[in-house]
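Take a look at the structure below.
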Amino acid sequence: METSGGIRASLAGRYASALFDLARDERQIEAVSQSLATLKTALGESADLKALVSSPLVGRAEAAKALGATAGSLGLDKLTTNFLAVLAKNGRLGQLGQIIRLFEQLAAEHRGETTAEVVSARPLDDEQLAALKAQLGARVGRDIRIDARVDPAILGGLVVRLGSQMIDASIRTKLNSLATAMKG
């Protein structure tokens, strides 16, 4: 996992850090974390919302207005809603996904957790996530927060990134290794 110093080096990191610092000062880390998780889910499910934050054709004022309405309908907290308005005004909505990811890392670090990024070919159920969380927690001796995403291109298995370590147990990688060995 990037350290908080490393996070603050990028543009998205500076925005994530500013939001985190403000949330910490206002004792709103959990409220902002919940709002960002809701927003992350909405971005994954809504093509319109994804287009709104990524399209350079949408003006800053229109994007701010649309996001204000979206924030209200999603029930986002006031701090996150105001932050989205600042991002829209500054033309930085394209950085939103990375800002959310970096904020999650800062919040997890603040809680003493380590975040494991897990990629699977199919969605993992709650039982699988709990077992993976327990195994990874035992390995590093800390609480683990799992950031799971689905990528059918890995065919099966898992790819786990835990800090600077990467465990690639995907079928795609195993097939590629086998093909390389056969070329000999």
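Tell me yes or no: at least one residue of the stretch 12-31 is over 29 Å from Gly112 (Cα atoms) and either buried (at least 19 other Cβ atoms within 10 Å of the Cβ) or under 16 Å from the mean Cα position of the chain (by Cα) (or both). Let's see the steps before the verdict.
Residues of the stretch 12-31 that are over 29 Å from Gly112 (Cα atoms), as a first pass: none.
No, the stretch 12-31 contains no residue that is over 29 Å from Gly112 (Cα atoms) and either buried (at least 19 other Cβ atoms within 10 Å of the Cβ) or under 16 Å from the mean Cα position of the chain (by Cα) (or both).
Going by the structure shown, is Arg161 assigned to a strand (DSSP E or B), open to solvent by 70 Å² or more (accessible area, probe 1.4 Å) and within 29 Å of Lys50 (Cα to Cα)?
Answer is yes for this residue.
Residues to consider are Arg92, Arg60, Arg101; find the one that is closer than 21 Å to Ser46 by Cα, among the basic types (Lys, Arg), more than 17 Å from the chain's Cα centre (by Cα) and open to solvent by 20 Å² or more (accessible area, probe 1.4 Å). Working first, answer last.
Details: Arg92 fails: more than 17 Å from the chain's Cα centre (by Cα); Arg101 fails: more than 17 Å from the chain's Cα centre (by Cα).
Step by step, each of Arg92, Arg60, Arg101 is checked, and only Arg60 is closer than 21 Å to Ser46 by Cα, among the basic types (Lys, Arg), more than 17 Å from the chain's Cα centre (by Cα) and open to solvent by 20 Å² or more (accessible area, probe 1.4 Å).
Before we move on, is Asp151 open to solvent by 40 Å² or more (accessible area, probe 1.4 Å) and either modelled with pLDDT under 90 or over 17 Å from the mean Cα position of the chain (by Cα) (or both)?
Values: open to solvent by 40 Å² or more (accessible area, probe 1.4 Å): yes; either modelled with pLDDT under 90 or over 17 Å from the mean Cα position of the chain (by Cα) (or both): no.
Judged against the criteria, Asp151 is not a match.
Can you confirm whether the stretch 117-139 contains a residue that is polar (S, T, N, Q), in contact (Cβ under 8 Å) with a residue 40 or more places away in the chain and surrounded by 13 or more Cβ atoms within 10 Å (Cβ to Cβ)?
To start, the set of residues in the stretch 117-139 that are polar (S, T, N, Q) comprises 120, 128, 135.
Now restrict to residues that are in contact (Cβ under 8 Å) with a residue 40 or more places away in the chain: none.
Within the stretch 117-139 (the criterion being polar (S, T, N, Q), in contact (Cβ under 8 Å) with a residue 40 or more places away in the chain and surrounded by 13 or more Cβ atoms within 10 Å (Cβ to Cβ)), the answer is no, since none of the residues qualifies.
Here is a check on your reading of the model: is Ser46 farther than 19 Å from Ser17 by Cβ and open to solvent by 60 Å² or more (accessible area, probe 1.4 Å)?
no
So Lys40 ticks every box in (1) in a helix (DSSP H, G or I); (2) open to solvent by 40 Å² or more (accessible area, probe 1.4 Å); (3) without any contact (Cβ under 8 Å) to a residue 40 or more places away in the chain but one. Which box is left unticked?
(3)
The values are calculated or read from the model by the stated rules, or taken from the named source; none is laboratory data. Everything numeric in this text was worked out from a predicted model, so none of it was measured. In this analysis, Cβ positions are derived from the backbone assuming ideal geometry, glycine residues included, and neighbour counts consider all displayed protein chains. Side chains are part of the model used for accessible areas, which takes the heavy atoms of the whole protein and leaves out ligands, DNA and RNA. Shrake-Rupley method; radii C 1.70, N 1.55, O 1.52, S 1.80 Å.
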